[in-house]
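Remarks on the structure that follows.
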Amino acid sequence: MMFEHKSVLLYEAIDSLNVKPDGIYVDGTLGGGGHALEVCRRLGEYGRLIGIDQDADAIAAASERLRDYEDRVTIVRSNYEEIQSVLKDLGIEKADGIYLDLGVSSYQLDTPERGFTYREEDAPLDMRMDQRNTRTAADIVNTYSEFDLYRIIRDYGEDKFAKNIAK
């Protein structure tokens with residue numbers, strides 16, 4: 001399946017960055033590169049975009065989408081939580097703008113083997129953003145205690161029925 005994801009509020013998000021042609025911008029959730037492409041269109045010869053994503057499929061799609069701008073784009077396979085160390089490793093002290101498009105992409109939902117979908121009954125329960133991680137959602141559901149599942153659902157899912165769901 002081809003990586004497709006429609007960027008939500010694309011122009012509003014990028015307009016709010018006030019992209020400077022020679023600026024340095026970080027897309028912390030590169031995905032398929034939709035937001036990054038619009039930033040690249042606004043960059044000049046000395047502008048730079050750093051794209052960070054942990055999903056190999058997303059990186060492949062973004063690399064293809066951004067190929068016309070490869071002279072000013074650096075893509076790093078990592079998590080946006082590592083922005084500081086990624087920039088340090090690249091010798092960048094500060095960025096002119098950083099943006100994140102948080103959440104699951106339509107590609108991840110539409111690709112049953114990724115295990116994010118609720119649309120197909122036989123899809124695996126995987127839910128790994130980074131396929132290098134070995135623990136799947138199925139592993140967690142089948143090995144964590146009821147109390148640990150309750151805590152996860154309560155704290156991260158903010159669901160008032162967390163106890164019932166954990167059972």
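Data for the structure
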read-out	value
Under-5 Å amide H pairs with Ile75, H placed in peptide plane, nonlocal only	Gly51
Residues Lys160, Lys94, sorted so that the one with the fewest Cβ neighbours within 10 Å comes first	Lys94, Lys160
Within region 41-139, chymotrypsin sites (Phe, Trp or Tyr not before Pro) in DSSP loop having at most 15 other beta-carbon neighbours inside 10 Å	Tyr46, Tyr118
Rh (Kirkwood; distinct C-alpha pairs) - the chain, Å	17.5 Å
Under 12 Å, Cβ to Cβ, from Asp22 - net charge with Lys/Arg +1 and Asp/Glu -1	+2
Cleavage-rule hits (GluC sites (Glu not before Pro)) in region 32-113: DSSP loop, at most 16 neighbouring Cβ within 10 angstrom	Glu45, Glu70, Glu93
Dipole moment magnitude, nearest 20 debye, the chain about Cα centre, only Lys, Arg, Asp, Glu C-beta charged	320 debye
Over the chain: helical MRE at 222 nm, DSSP H runs n ≥ 4 each giving -39500 (n - 2.57), nearest 500	-10000 deg cm²/dmol
Only Lys, Arg (+1) and Asp, Glu (-1) charged, at Cβ; region 10-107 dipole about Cα centre in debye	180 debye
Candidate lysines for bridging to Lys20, where Cα separation is under 16 Å - those fewer than 8 sequence places away on the same chain excluded	Lys94
Inter-label distance for Ser106 and Asp71, nm, one decimal - labels placed 7 Å from Cα along Cα-to-Cβ	3.3 nm
Hydrodynamic radius of region 37-127 per Kirkwood, over alpha carbon pairs, in Å	14.9 Å
Full-extension gain in nm, Asp122 to Asp89, via 0.36 nm per residue minus C-alpha separation	7.7 nm
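The numbers here are math on the coordinates, done by the rules we state, and not lab data. Keep in mind the model is a prediction, meaning the values are calculated, not measured. No Cβ is skipped: glycine too gets one built from the backbone with ideal geometry, and neighbour counts run over all protein chains shown.
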